[in-house]
Every structure is written in C-alpha cells, then in structure tokens.
Amino acid sequence: MLDTLSEELKQTRAFEDQMREFGAIVTKNDDIQKKLSDAVDDGISSQGFCELYVSTAAANGIEFTVDQMKIAMHEQKQGSDKVLPSFVQKLITIL
C-alpha cells in the first residue's frame, strides 16, 4: 500500500524533477538569468513571470505548466521542498 502511494506521489509530482532540471540550466546560464532579472526589473507581474519561466523552460526542451510553477512557488514560500533555484526564488520575492 505504501509502495503504491509512493509511486502515485512520484507520478503526480514528476514536474518537480523537470523544474529542478531547468533550475540547473538557469543556474549555469547567464543569458537566462538576465532575461528573467530584466523582466522583473521591467515590472512583470507574477503571472507574467510564471509564463516567461515556463516558456523559457520549453524553449530548452523542458515541460511543466504555469499551474505547476505556481504550486512550486507556493510550497517553496512555505519552506517546503526546494524545487526552484535560489536565484529564481529571490526574483519571485520581488514580485
């Protein structure tokens, strides 16, 4: 029973692995960091930032949704599972 529950949780939260993978790309890529930072400096909304982050991930072959991004943002603000890189988390706190 626990194995089944654990497997279901892994499947429903698989997007977190995708986010971590993209987070590693963001951490190493100054151009993406600048793009995200400039958007925040230009006054992008929280929704707009999520859309930008998701579309930038997609452009790098990584797929997750805006709703999944919002879940990760909310949980990370609560101190749960760190999915987003600290650079992105700092930008989110500015929004």
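Structure notes:
- Candidate set: region 84-95, residues that are assigned to a loop (DSSP other than H, G, I, E, B) and in contact (Cβ under 8 Å) with a residue 60 or more places away in the chain; chosen: the one nearest to the chain's Cα centre (by Cα): L84
- Selection of region 60-76 for residues being at negative phi and not in a helix (DSSP H, G or I) yields N60, I62, E63, F64, T65.
- The lone criterion from (1) at pLDDT below 95; (2) surrounded by 11 or more Cβ atoms within 10 Å (Cβ to Cβ); (3) under 11 Å from the mean Cα position of the chain (by Cα) left unmet by H74 is number (2).
- Every residue from region 32-59 that is among the polar types (S, T, N, Q), in contact (Cβ under 8 Å) with a residue 40 or more places away in the chain and part of a helix (DSSP H, G or I): Q33, S37, S46
- Residue check for G79: modelled with pLDDT under 95, out of contact with any Asp or Glu (no Cβ under 9 Å at 6 or more places or on another chain) and not in a helix (DSSP H, G or I): yes
- You will find that of M19, M69, the residue that is of a type in the set (A, V, I, L, M), out of contact with any Leu (no Cβ under 8 Å at 6 or more places or on another chain) and surrounded by 15 or more Cβ atoms within 10 Å (Cβ to Cβ) is M69 and no other.
- Evaluation of D81 against the conditions (1) touching a residue at least 60 places away in the same chain (Cβ under 8 Å); (2) surrounded by 14 or more Cβ atoms within 10 Å (Cβ to Cβ); (3) among the acidic types (D, E) shows that the sole unmet condition is (2).
- When A59 is tested against (1) of a type in the set (G, A, S); (2) buried (at least 16 other Cβ atoms within 10 Å of the Cβ); (3) at pLDDT 95 or above, just one condition goes unmet, and that condition is (2).
The values are calculated or read from the model by the stated rules, or taken from the named source; none is laboratory data. Just so we're clear, the structure is a prediction, and the values are computed from it rather than from any experiment. Here the Cβ is made from the backbone with ideal geometry for all residues, glycine too, and neighbour counts use every protein chain on show.
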